[in-house]
Amino acid sequence: MCYADRSGQFAATTEERPIVSEGRRAKAVAGATGPDPAVSDQGGDTAKHHHDLLALSRVSAAISGLHDLDAILRIGLDNVLNIMNGTVGGIMLLDETSQMLFYRVHHGLSDKYVEEMRIRPGEGIAGKVVQSNRSVLLEDISSDPDAARVDLVTLEGLKAFISVPLRAKDNVLGVMNVASHTPHRFTKDDVNLLHSIGDQLGIAIEQALLNERLRKARERMRKLARQNLVAEEEERRRIARELHDETSQALSGIALQLEALIEVSTASGNQDAEFIAGLKKVQSLTVQVHREVSRIISNLHPALLDTLGLVAAVRQYAKSRLQPQDINVTVDVKGTEMRLPPDVEAALFRVVQGLIGNIAEHSKAKNASILLVYKPDELMLSVSDDGQGFDIYQVTDVEESGRGRGLFSIRERVGFLGGTSRVESKIGAGTTAWASIPIGQDIGYGKDPDTGN
Ligand SMILES: Nc1ncnc2c1ncn2[C@@H]1O[C@H](COP(=O)(O)OP(=O)(O)OP(=O)(O)O)[C@@H](O)[C@H]1O
Ligand SMILES: [Mg+2]
């Protein structure tokens with residue numbers, strides 16, 4: 001067996017089985033690192049150098065701009081086989097969790113071979129390449145004592161074999177194997193070329209693995225955020241229900257009892273005026289607290305949302321929030337309102353609630369208008385005001401103070417519903433926010449549009 005590191009230094013692991021002579025070794029070094037003035041065949045080396053550069057740039061061009069790992073591996077392997085006139089090969093990657101090497105793409109290998117050839121670093125030829133970070137060139141892998149699963153190798157009829165590390169910096173990510181059904185098929189020049197291509201592929205693979213990890217982390221975050229929103233909504237609903245069933249009922253009972261007591265006391269004429277005035281005060285306080293609790297319940301989860309739906313709940317909330325501030329508000333509906341799944345209606349209500357809250361808190365508007373347009377497959381809503389407006393480019397992130405959180409969560413909620421949202425504002429001329437979500441049959445609300453998860 002013969003190992004070569006990136007500098008072209010081949011190292012025989014078993015001295016008695018070197019497969020290239022010293023003279024040919026020098027030529028292999030030149031092939032990998034550029035023309036060597038010590039080598040006499042200048043014309044031949046230049047042609048070889050040219051060929052290798054072309055091959056490298058071909059692989060580089062083929063994988064450049066690709067972000068998908070499988071596409072990079074597939075196209076990388078196809079190009080390598082093409083360059084080497086080979087028909088058998090594959091790329092094995094080291095799985096981070098299991099720490100096993102397995103074939104991610106392959107060509108000319110049987111399903112059984114690919115399925116069963118799973119090895120640890122240090123095991124077999126590929127495992128040794130990963131561990132030593134050195135390439136291996138074999139005349140005949142089926143008779144090599146280091147080969148893993150010789151049964152599979154023999155069954156597959158593999159003979160000449162090259163395995164090169166795929167690495168990014170010092171990190172070995174896997175190996176690229178090229179094999180042949182005939183012995184003595186490859187040269188050290190082939191190994192050197194493959195080694196260079198492996199380095200190039202390694203960087204692209206690392207980039208793609210990072211992208212894949214980032215995409216998965218983002219997906220996890222999205223899922224978590226979505227679950228948080230759903231859990232928050234459920235918790236609000238539960239607290240609202242409990243406040244309604246227990247506290248609110250008790251308060252209205254107390255208020256009624258007090259009213260009856262006042263009536264009886266007044267009618268009997270036995271109680272003094274001070275006592276009756278005191279009762280009236282307690283009764284009016286109870287009514288006030290009851291009203292406040294009802295307001296809190298409605299904020300937590302408006303009962304109208306469950307009974308009459310989104311439009312009624314929006315109408316009630318807009319009036320109760322804006323009219324006390326002398327902001328005139330209209331709520332219009334185009335098309336026929338249709339009931340949507342409770343989670344969707346709740347999410348849309350929160351969106352409108354956030355926008356109405358912004359009008360109440362920041363706009364200094366005189367008028368506000370809300371429009372809901374129901375189409376067969378889309379619900380579009382807009383919320384506008386004629387207030388002071390703001391510079392939307394100054395609200396690009398969630399600040400420490402919490403400023404920006406409202407608009408951010410509106411965008412997220414609409415995104416979870418598979419929709420899009422947009423805000424436009426002009427200083428002195430008011431603000432309008434739009435949101436549009438798909439409705440109708442078979443909508444996988446809350447699923448990632450890219451992955452469907
Ligand atoms: N309709 C509006 N009119 C004027 N300014 C607005 C309007 N809507 C938003 N803004 C501005 O955009 C900022 C960000 O709004 P956002 O809803 O994201 O956060 P917030 O309202 O400050 O905090 P939160 O919504 O968490 O209570 C607001 O602080 C305000 O300056
Ligand atoms: Mg806000």
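The values are calculated or read from the model by the stated rules, or taken from the named source; none is laboratory data. These numbers were taken from a predicted model, which means no experiment stands behind them. Because the Cβ atoms are built from the backbone with ideal geometry, glycine has one as well, and the counts that use them run over all protein chains shown.
Assuming TRP434 fulfils every condition listed in (1) surrounded by fewer than 13 Cβ atoms within 10 Å (Cβ to Cβ); (2) of a type in the set (Phe, Trp, Tyr); (3) in a strand (DSSP E or B) apart from one, which condition is it?
(1)
With the condition kept exactly as written, say whether any residue in region 402-412 is closer than 19 Å to VAL311 by Cβ, within 13 Å of ligand 2 (Cβ to nearest atom) and in a helix (DSSP H, G or I). Give the derivation first.
First, the residues of region 402-412 that are closer than 19 Å to VAL311 by Cβ: 410.
Filter once more, keeping what is within 13 Å of ligand 2 (Cβ to nearest atom): 410.
Those left that are additionally in a helix (DSSP H, G or I): 410.
Checked region 402-412: at least one residue is closer than 19 Å to VAL311 by Cβ, within 13 Å of ligand 2 (Cβ to nearest atom) and in a helix (DSSP H, G or I).
Does region 156-173 contain any residue that is buried (at least 24 other Cβ atoms within 10 Å of the Cβ), assigned to a helix (DSSP H, G or I) and not charged (D, E, K, R)?
Within region 156-173, none of the residues are buried (at least 24 other Cβ atoms within 10 Å of the Cβ), assigned to a helix (DSSP H, G or I) and not charged (D, E, K, R).
Please go through (1) under 17 Å from ILE203 (Cα atoms); (2) in contact (Cβ under 8 Å) with a residue 24 or more places away in the chain for ILE75 and return the number of the only condition it doesn't satisfy.
Failed condition: (2).
Can you name the number of the only condition in (1) surrounded by fewer than 18 Cβ atoms within 10 Å (Cβ to Cβ); (2) outside any loop (DSSP other than H, G, I, E, B); (3) not β-branched (Val, Ile, Thr) that SER421 fails?
The one condition SER421 does not meet is (1).
Mind telling me which of the residues VAL289, VAL293 ends up being surrounded by fewer than 17 Cβ atoms within 10 Å (Cβ to Cβ), out of contact with any strand residue (DSSP E or B) (no Cβ under 9 Å at 6 or more places or on another chain), touching a residue at least 12 places away in the same chain (Cβ under 8 Å) and not basic (Lys, Arg)?
Working: VAL293 fails: surrounded by fewer than 17 Cβ atoms within 10 Å (Cβ to Cβ).
Of the residues listed, the single one that is surrounded by fewer than 17 Cβ atoms within 10 Å (Cβ to Cβ), out of contact with any strand residue (DSSP E or B) (no Cβ under 9 Å at 6 or more places or on another chain), touching a residue at least 12 places away in the same chain (Cβ under 8 Å) and not basic (Lys, Arg) is VAL289.
Which of the residues that make up region 75-96 are touching a strand residue (DSSP E or B) at 6+ places or on another chain (Cβ under 9 Å) and surrounded by 19 or more Cβ atoms within 10 Å (Cβ to Cβ)? Full working, then the answer.
Going through region 75-96, the residues touching a strand residue (DSSP E or B) at 6+ places or on another chain (Cβ under 9 Å) turn out to be 76-78, 80-81, 84, 86-95.
Passing the criteria: GLY76, LEU77, VAL80, MET84, GLY86, VAL88, GLY89, GLY90, ILE91, MET92, LEU93, LEU94.
Residue pairs, Cβ under 6 Å, 6 or more apart or interchain, first in region 203-217 and acidic (Asp, Glu), second surrounded by 16 or more Cβ atoms within 10 Å (Cβ to Cβ). List them.
Listed pairs, sorted by first residue: GLU206/ALA168; GLU212/LEU69.
If you take the residues of region 380-411 that are charged (D, E, K, R) and modelled with pLDDT under 90, which of them is surrounded by the fewest Cβ atoms within 10 Å (Cβ to Cβ)?
First, pick out the residues of region 380-411 that are charged (D, E, K, R): 385-386, 391, 397, 399-400, 403, 405, 411.
Retained after the next criterion (residues that are modelled with pLDDT under 90): 397, 399-400, 403, 405.
Working: ASP397: 9, GLU399: 11, GLU400: 6, ARG403: 13, ARG405: 13.
Only one residue tops the list, namely GLU400.
Return the total of residues in region 106-122 being closer than 15 Å to PRO165 by Cα and either of a type in the set (Asp, Glu) or under 29 Å from the mean Cα position of the chain (by Cα) (or both).
Number satisfying all stated conditions: 0.
Suppose we filter region 367-395 for residues that are within 22 Å of THR420 (Cβ to Cβ) and away from ligand 2 (no atom under 15 Å from the Cβ); how many remain?
17
Identify all residues within region 351-366 that are more than 9 Å from ligand 2 (Cβ to nearest atom), surrounded by fewer than 16 Cβ atoms within 10 Å (Cβ to Cβ) and on the phi < 0 side of the Ramachandran plot; write none if there are none.
The answer is LYS366, and nothing else.
Out of the residues in region 373-423 that are away from ligand 1 (no atom under 15 Å from the Cβ) and among the β-branched types (Val, Ile, Thr), which is farthest from the chain's Cα centre (by Cα)?
The residue in question is VAL373.
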